[in-house]
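The values are calculated or read from the model by the stated rules, or taken from the named source; none is laboratory data. Remember, predicted model here, so these are calculated numbers, not experimental data. As a convention, Cβ positions derive from the backbone with ideal geometry for all residues, glycine included, and neighbour counts pool all protein chains shown.
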Amino acid sequence: MILRYRALLNELVSRDLKVKYRRSVLGYLWSILNPLLMMLVISAVFSYIFENQITNYAAYLICGQVIYQFFSESTNQAMKSVISGESLIKKVRIPKYIFPVAATISSFVNLLFSLVAVIIILFVSGAQIKFTILFFPLPLIYLVMISMGVGLILSILAVYFRDMLHLYGVVLTALMYATPIFYPIDSLPPHVIFFLKFNPLYHIVDMFRNVVLYGNIPTVEENVICMAFAAISLMVGFVIFKRYQDKLVLNL
C-alpha cells in the first residue's frame, strides 16, 4: 500500500526537510553541527564526573546522543504530523498513516547527516575504528521501526487528546535520563538497571556503541531483543492507527 503512495511520501518528506531549514544560512550543516555543539556542552559538564569511568567520553556521549535525538525528533514530528496535514486530509482521500511515516523518514535523513558528526568525533578523539562499524545500519533499522511505531500511536493520541503535545516533552525528558547517554550504566544499582532494560533505547544505544565504538559484533540475544521491541512497536502502532483513523477527520 505504501508503495502506491510513494510519490506523495517523497513530497511530504521533501516538504518537511525544506520547512525545517527554511531561511537557515547553514541549512543541512546544522544536522552535523547540532550534535557536535550539544556534545561539547554536555561533555564540558559531565566529562569531569565520569572521566575515570568512561574511556573516550566524547565518542561515548555522541553515540548515545544521536540515537536519542533521532527518537525525540522523529516521534515529536510524527505526533504533530496528522494535525499539520489537516487541510490535505480534509480535501483528498489518502491513507493518513502516510503523515507520521513521512515525518519519521525525514528525521532519518537528518540522522544520516548527524552520523558525519559521529565520524568526526571518532577521528578527532583517536578512537580505533574497526570493521564492526559496518554493522551500524542494524541498530538504526531497529530504531526507525521503534520510532515509527511510537510515532503512529502519538499521532492518534495528539488528535484525540491535544494535551499530549505538551505532556510528551516531559516523557522525553524522563526517557533521556532512563537512557545511558551521558552516564555509564555500571554506575547504577542492579535493580535500577533491571527496569532500564525495559527501555528500547537502552538496547539500541548499547548496540550502536558496540559496533561503532567498541568493535563488538552484535550478539544473537541483542538482535532478538531489539527486533522484538521493533516488531511490537510497529505492529501495535499500525493496529492502533488503523482502528482510530476513520474518525480522525471529525476530531481535527
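Residues checked against (1) touching a Pro at 6+ places or on another chain (Cβ under 7 Å); (2) under 22 Å from residue 63 (Cα atoms); (3) exposed (fewer than 15 other Cβ atoms within 10 Å of the Cβ):
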{"position": "150", "(1), (2), (3)": "no, yes, no"}
{"position": "156", "(1), (2), (3)": "no, no, no"}
{"position": "161", "(1), (2), (3)": "no, no, yes"}
{"position": "176", "(1), (2), (3)": "no, yes, no"}
message: Looking for something in a loop (DSSP other than H, G, I, E, B) and farther than 27 Å from residue 121 by Cβ - is there at least one such residue anywhere in the range 243-252?
response: yes
message: What are the pairs with Cβ atoms under 9 angstrom where one residue, in the range 224-240, is touching a residue at least 40 places away in the same chain (Cβ under 8 Å) and the other, located anywhere, is of a type in the set (Phe, Trp, Tyr) and not in a helix (DSSP H, G or I)? Sequence gap at least six, or different chains.
response: 237/97; 238/97
query: Is one or more of the residues making up the range 207-216 outside any helix (DSSP H, G or I) and either without any contact (Cβ under 8 Å) to a residue 40 or more places away in the chain or over 18 Å from the mean Cα position of the chain (by Cα) (or both)?
result: yes
- prompt: Going by the structure shown, is residue 134 modelled with pLDDT of 90 or more and touching a Leu at 6+ places or on another chain (Cβ under 8 Å)?
  reply: no
- line: the range 38-129: helices (runs of 4 or more DSSP H) wholly inside it with 1 or more residues that are under 21 Å from residue 203 (Cα atoms) and without any contact (Cβ under 8 Å) to a residue 40 or more places away in the chain are 57-84, 98-124
message: Going residue by residue through the range 185-197, is there one that turns out to be closer than 26 Å to residue 119 by Cα, more than 15 Å from the chain's Cα centre (by Cα) and not polar (S, T, N, Q)?
response: yes
statement: Out of (1) within 20 Å of residue 134 (Cβ to Cβ); (2) part of a loop (DSSP other than H, G, I, E, B), the one residue 180 does not meet is (1)
- prompt: For residue 170, are the conditions met, namely being in contact (Cβ under 8 Å) with a residue 12 or more places away in the chain and within 22 Å of residue 83 (Cβ to Cβ)?
  reply: no
message: Looking only at the range 99-117, count every residue that is surrounded by fewer than 23 Cβ atoms within 10 Å (Cβ to Cβ) and more than 14 Å from the chain's Cα centre (by Cα) and tell me the total.
response: 2
message: Can you find, within the range 210-252, the residue that is nearest to residue 98 (Cα to Cα) among those that are among the hydroxyl-bearing types (Ser, Thr, Tyr) and surrounded by 14 or more Cβ atoms within 10 Å (Cβ to Cβ)?
response: 244
Residue within the range 149-165 that is farther than 16 Å from residue 81 by Cα and modelled with pLDDT of 95 or more present: no
message: Can you tell me how many residues within the range 78-98 are buried (at least 23 other Cβ atoms within 10 Å of the Cβ) and of a type in the set (S, T, N, Q)?
response: 1
field: residue 202, sole failed condition from (1) over 29 Å from residue 52 (Cβ atoms); (2) modelled with pLDDT of 95 or more
entry: (1)
